[in-house]
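**Q** Can you keep this structure in mind? I'll have questions shortly.
The values are calculated or read from the model by the stated rules, or taken from the named source; none is laboratory data. This structure is a prediction, so every number in the text was calculated from the model and none was measured. Here the Cβ positions follow ideal geometry from the backbone for every residue, glycine too, while neighbour counts run over all protein chains shown.
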Amino acid sequence: MGQFWLNAVSIEGIPLPGTLYTSPLARCLETTRFVFMKIFEEQRVQFQPVIKELLRERLTDHTCDRRSTRSWIEKNYPDYTIEPSFLEEDSLWTGRHWETTNEHMSRKQTVLEDIFSTDDSHFISLTVHSYAISAILRAIGLTEFRVREGSSIALLVKAEKVGSDD
């Protein structure tokens, strides 16, 4: 994926994402670093991904769905920005509850609304897990499908403000 982005930007002229968002789970934090750090450095653009709690994978009883503490993330990923509401301990994972498909999709809808209402970038990146991609697809009204691990998909999403006084 890192080489894909190097080629996409350097050869194909695709712009770098204005904002990199990532799940707080360590495997996504590391993927974000592997995929984007080199190309951001080469383009002399500050590498500062934003960690969003609600971007994380579907919650299950599996320990791989539990995130690390905020202090561990800050220590190991000092270039990343952690959203202000992010707690020290993982308040979402209990190990006793499987999030339903609709609960997961609703969580993704919430985080997308937050991103689209606060980020002025025209081009963003979300580093998330395969079930999270499926939930995002459902949240934006597209047909859900499973994406293989280590894959990337591009989506063109037009976000419109609803109920605004504009």
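**Q** Could you check segment 7-31 and list, in sequence order, the residues that are within 13 Å of Leu55 (Cα to Cα) and in contact with a strand residue (DSSP E or B) (Cβ under 8 Å, 6 or more places away or on another chain)?
**A** Across segment 7-31, the qualifying residues are Leu20, Tyr21, Thr22, Ser23, Pro24, Cys28, Leu29.
**Q** From Ser121, Ser125, Ser117, which residue is of a type in the set (S, T, N, Q), at pLDDT 75 or above, closer than 26 Å to Gln48 by Cβ and touching a Leu at 6+ places or on another chain (Cβ under 6 Å)? Quick ask: steps written out before the conclusion?
**A** Numbers: Ser121 fails: touching a Leu at 6+ places or on another chain (Cβ under 6 Å); Ser117 fails: touching a Leu at 6+ places or on another chain (Cβ under 6 Å).
None of the others qualify; the one that does is Ser125.
**Q** May I ask you to say which residue of Thr32, Thr81 is surrounded by 19 or more Cβ atoms within 10 Å (Cβ to Cβ), of a type in the set (Ser, Thr, Tyr) and either in contact with a Lys or Arg (Cβ under 6 Å, 6 or more places away or on another chain) or under 29 Å from Gln3 (Cβ atoms) (or both)?
**A** Numbers: Thr81 fails: surrounded by 19 or more Cβ atoms within 10 Å (Cβ to Cβ).
The conditions single out Thr32.
**Q** Right, another one. Taking segment 122-142 as the search range and keeping residues that are in a loop (DSSP other than H, G, I, E, B) and touching a helix residue (DSSP H, G or I) at 6+ places or on another chain (Cβ under 9 Å), which one is surrounded by the fewest Cβ atoms within 10 Å (Cβ to Cβ)?
**A** Looking at the filtered set, the residue picked out is Leu142.
**Q** Related question: Pick from Ile82, Ile11, Ile51: which is among the aliphatic types (A, V, I, L, M) and touching a Pro at 6+ places or on another chain (Cβ under 7 Å)?
**A** The conditions single out Ile51.
**Q** While we're on this one: Please find, within segment 1-54, the residue that is nearest to His129 (Cα to Cα) out of those that are of a type in the set (Lys, Arg) and not in a loop (DSSP other than H, G, I, E, B).
**A** Once the filter is applied, the top-ranked residue is Arg27.
**Q** Let me ask something additional. Show the residue pairs meeting these rules: Cβ distance below 8 Å; 6+ apart or different chains; first residue within segment 1-17 and farther than 17 Å from Phe123 by Cα; second residue among the hydroxyl-bearing types (Ser, Thr, Tyr) and surrounded by 12 or more Cβ atoms within 10 Å (Cβ to Cβ).
**A** Met1/Thr31; Met1/Ser152
**Q** A further question on this structure: For the condition loosely packed, with under 13 Cβ neighbours inside 10 Å, of a type in the set (Lys, Arg) and closer than 30 Å to Phe4 by Cβ, what is the one hit in Lys52, Lys38, Lys75?
**A** So the residue among Lys52, Lys38, Lys75 that is loosely packed, with under 13 Cβ neighbours inside 10 Å, of a type in the set (Lys, Arg) and closer than 30 Å to Phe4 by Cβ is Lys75.
**Q** Next question, about the same structure. Is it the case that some residue within segment 79-97 is in contact with a Phe, Trp or Tyr (Cβ under 9 Å, 6 or more places away or on another chain), within 25 Å of Leu16 (Cα to Cα) and either outside any loop (DSSP other than H, G, I, E, B) or among the aliphatic types (A, V, I, L, M) (or both)?
**A** Among the residues of segment 79-97, not one is in contact with a Phe, Trp or Tyr (Cβ under 9 Å, 6 or more places away or on another chain), within 25 Å of Leu16 (Cα to Cα) and either outside any loop (DSSP other than H, G, I, E, B) or among the aliphatic types (A, V, I, L, M) (or both), which makes the answer no.
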